[in-house]
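The values are calculated or read from the model by the stated rules, or taken from the named source; none is laboratory data. Source: prediction; values computed, not measured. Cβ placement follows ideal geometry from the backbone for every residue including glycine, while neighbour counts extend to all protein chains displayed.
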Amino acid sequence: MGVREWVRSLYELVYPQPALCPLCGIRVIPDGLPICVDCVNKINPAVYQLRLLRYQGYALSYYHDYLKQLLYEIKYQNRYDYAVALGEVLGAAAKEQPGLEKIDYFLPVPLHQERLKKRGFNQAEAFTVGMNRVWPHPVYKAIRHKPTEPQSELSPKERLENLRDAFALTEPALVKGKRFLIIDDIFTTGATFYSLADLINRYHGIPIGLFIAKSG
């Protein structure tokens, strides 16, 4: 290391630079927050309780333009860092939510191997990485053993059929009596969530949904 690099390293050690927001990359992150205040205001996290038929479910926010852009970049531009940052926001908000105090496992909705290869990572698993930074829980992994069509291109009835028997559990013996927080990006019709939740319920576990955004 040359003298100039040594001096720069010493300066940064003595006067560390403030961390910039991982979403906008411009503003400084205040103490106690995972992202800057401006991005918090754009996301408008509130943790809405969803009206589901037979399970509990919550969403961090509604599917508005800012979240739509972030989720698009996560899925199609490999922004793993965005997913982890959103996961931190999700975890920080969810841990204060009444009804979520006694979670046993995080359960990210799995991707099929074919789609995982195309995307490079599972955004739901990346959310749990961020969540575990602020609200630690063991992660239970399910398997998506059936390749499915993209849900966005299907009708509500087709979505249910598309996901019929799509998932399997890695360790069914652990499920009984445990509370599983099923984590995904967007809640639209709930077909993906119900398919996985019904599987957990079949093994006498308690499924609860948690989503970044609610569509519609």
Checked segment 123-138 for anything surrounded by 16 or more Cβ atoms within 10 Å (Cβ to Cβ) and either in contact with a helix residue (DSSP H, G or I) (Cβ under 8 Å, 6 or more places away or on another chain) or of a type in the set (Gly, Ala, Ser) (or both); matches are GLN123, ALA124, ALA126, PHE127, THR128, VAL129, GLY130, MET131, ASN132, VAL134, TRP135, HIS137
Scan segment 64-96 residue by residue and report those that are part of a loop (DSSP other than H, G, I, E, B) and within 18 Å of PHE187 (Cα to Cα). HIS64
Regarding TYR194, is this residue buried (at least 20 other Cβ atoms within 10 Å of the Cβ), under 20 Å from ILE103 (Cβ atoms) and at pLDDT 95 or above? no
Which is more than 11 Å from the chain's Cα centre (by Cα), among the basic types (Lys, Arg), in a helix (DSSP H, G or I) and modelled with pLDDT under 95, of LYS102, LYS117? LYS117
Residues that are out of contact with any Lys or Arg (no Cβ under 8 Å at 6 or more places or on another chain), buried (at least 21 other Cβ atoms within 10 Å of the Cβ) and either small (Gly, Ala, Ser) or in contact (Cβ under 8 Å) with a residue 12 or more places away in the chain (or both): does segment 111-122 have at least one? no
